[in-house]
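Since the structure comes first, as structure tokens, the remarks are kept for the end.
The values are calculated or read from the model by the stated rules, or taken from the named source; none is laboratory data. It should be emphasised that the depicted structure is a prediction, and the values quoted were computed from it without experimental measurement. Counting neighbours? That spans all protein chains shown, and the Cβs are built from the backbone with ideal geometry, glycine included.
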Amino acid sequence: MFASIYGQPISAELSGTPAGLPSRESRSLAEFAYAFSPLVEETATDTVVLDVEGCALRFGSVYELANEIAKQAKVSKESGGLGCKVNVALAENPDAAIHAAKFCRGVTFTAPGEELTCLGHLPLKALQCSLAGVEESQAVEILETLNLWGVRTFAEFAALPLTGVSERLGQDGIKLQKLAAGKTNRHLKLQQPAPVFKNSIELDYPIAELEPLSFILARLLNQTCASLNAYALATNELHAELKLENGALHELKLNLPYPMRDHKVFLKLLLLDTEMHPPPAAVVGVSLHCEPVKPRVLQTGLFIPLAPEPEKLELMLARLAKLVGAENIGSPELLDTHRRDAFRVNRFELKESKRKRRSKQQANSQFEIRNPKFTLGFRVFRPPLRALVQAKDGQPLEISAWDKNKSVYGKVVCAAGPWRTTGEWWRADAWARDEWDVAVESRGQKAEVSSQRSEVRSQRSEVGSQKSEDSKVQEEGSGVGPIQILYRIYRELSSGTWFVEGVYD
């Protein structure tokens, strides 16, 4: 048994439209029909068909079901209705129910085999030819032919001999004749309800501790991830709203670098976020929803080692953010400015890129050192060493700087500079400084300089430097005579403070 619902507004003022159902912004007819049966076909925006087989166990009988549908439709939209009148028709096949609902007011019941008693008087122009799968142009031609024959109603068309209809109108004519007689037999084109990835729960008593709250979150996450798995989807945005005892809302939001659907990972991330941002009051309700996206598809090669799973990386980053702060975790990005060491920390995201094969010659040219004899390395001190500098006429004469792990002191035997750099004068943290490259003569920094020079010696031996240079470096590192080390120093113009920025190798 099938039931068809056709919506008709009580008035234009009530529905907001001149004809048909209320606007699409309100509750649709299909959503209304799902409250009575899970098997729904939406034939048009104003017509749906329900399979009511077995629904009598809930509503008492199919008659009571039809009356309940018509009664519930008159209820306002806020109360779960449509706010308009509908026609409800019960029939043995869906096509007969559709015709009866469209052209018979109120609640109509068509007994099996008595379809023409209800539909026989309808004109042929009311025949819904698309239900029989006949093209519109072919259906118009057949109806014109029937009109020339003097056939005007469903009953007259159904009374024609089947053989004559087949010979003159073909198989399309037979389909339309069965449709007019109410004897078609087809399956419903079921419409799946729109997936909703949102779950909520109201608590009987407030929760102020994290452990009982974790059980509530685990339950909602299991339901959400089960829905995602059912539709082969994942999510990269998860929102949790905690309704507090004082009436406020506490929001938790997870932005994931990759789509996931593992409820265990989601639970750990939410708990870590809750520990970092605890709610100010006890929780009396929890609502959870997510934005569904397509899952990540990854295909690796046979000889390529597997990378760590993104879920484990996200958990590790969340634990680190809890320890050192979220603003200190991420990937650094250089800023478009001339300020020294200007960068910001962005959220860490893995970006897949296509690797291009390079020839052996291109790979070797990338690491080629053109002039190994004159190549210098610069070791930056982070943070720079604050120094005391004796200067005469703006030129540094002696420098002294200490730190826990390193020290710089001695006379300046040679200096180049100053080079003034300034920028961003329009900001409160504008910067301006004078820089020098200075050679410092010192006898007390032999151990530190010796280790640095040994590294330089090993690097130069790899690129084929001369043996005389190696022997010279060894003699300088052995402590014979004074040592000259090349440093980069600068003075901030705003405060006049001196710093040692790094050392040249």
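A few points about this structure:
- Filter pass, Phe157 being out of contact with any strand residue (DSSP E or B) (no Cβ under 8 Å at 6 or more places or on another chain), surrounded by 13 or more Cβ atoms within 10 Å (Cβ to Cβ) and not β-branched (Val, Ile, Thr): yes
- Test for His99: is it within 17 Å of Leu179 (Cα to Cα) and surrounded by fewer than 16 Cβ atoms within 10 Å (Cβ to Cβ): no
- Taken over region 108-130, the residue count meeting the criterion of being buried (at least 19 other Cβ atoms within 10 Å of the Cβ) and closer than 21 Å to Asp46 by Cβ is 7.
- Any pair with Cβ under 8 angstrom, 6 or more apart, that starts in region 272-297 at a residue that is within 26 Å of Ala234 (Cα to Cα) and ends at one that is aliphatic (A, V, I, L, M) and part of a loop (DSSP other than H, G, I, E, B): Pro292/Leu233; Val293/Leu233; Lys294/Leu233; Pro295/Ala232; Pro295/Leu233
- Residue count, region 132-155 (criterion: on the phi < 0 side of the Ramachandran plot and either over 59 Å from the mean Cα position of the chain (by Cα) or β-branched (Val, Ile, Thr) (or both)): 8
- Close pairs from region 317-342: first under 24 Å from Val380 (Cβ atoms) and not assigned by TED's automatic domain parsing to the domain that holds Trp431, partner among the polar types (S, T, N, Q) and outside any loop (DSSP other than H, G, I, E, B), Cβ under 8 Å, at least 6 apart: Gly330/Asn346; Ser331/Asn346; Pro332/Asn346; Glu333/Asn346; His338/Thr421
- The single condition among (1) in a loop (DSSP other than H, G, I, E, B); (2) surrounded by fewer than 18 Cβ atoms within 10 Å (Cβ to Cβ) that Val151 does not meet is (2).
- The residues of region 176-204 that are of a type outside the set (A, V, I, L, M, F, W, C), over 30 Å from Val140 (Cα atoms) and in contact (Cβ under 8 Å) with a residue 40 or more places away in the chain, listed by number, are Pro193, Pro195, Lys198, Asn199, Ser200, Glu202.
- Leading residue by the ranking (farthest from Lys178 (Cα to Cα)) among those in region 66-96 that are crowded, with 20+ Cβ neighbours inside 10 Å and among the small types (Gly, Ala, Ser): Gly83
- Of the strands (runs of 3 or more DSSP E) lying entirely inside region 230-294, those carrying at least 3 residues that are charged (D, E, K, R) are 234-244.
- Given (1) closer than 22 Å to Leu315 by Cβ; (2) surrounded by fewer than 20 Cβ atoms within 10 Å (Cβ to Cβ); (3) touching a strand residue (DSSP E or B) at 6+ places or on another chain (Cβ under 8 Å), index of the condition Ala226 fails: (3)
- Selection from region 276-293 of residues that are β-branched (Val, Ile, Thr) and more than 16 Å from Ile216 (Cβ to Cβ): Val293
- Where strands (runs of 3 or more DSSP E) fall entirely within region 22-131, those with at least 1 residues that are aromatic (Phe, Trp, Tyr) and either at pLDDT 80 or above or under 43 Å from the mean Cα position of the chain (by Cα) (or both) are at 107-109.
- Residue count for region 182-201, restricted to those that are modelled with pLDDT under 85, loosely packed, with under 14 Cβ neighbours inside 10 Å and within 30 Å of Leu221 (Cβ to Cβ): 6.
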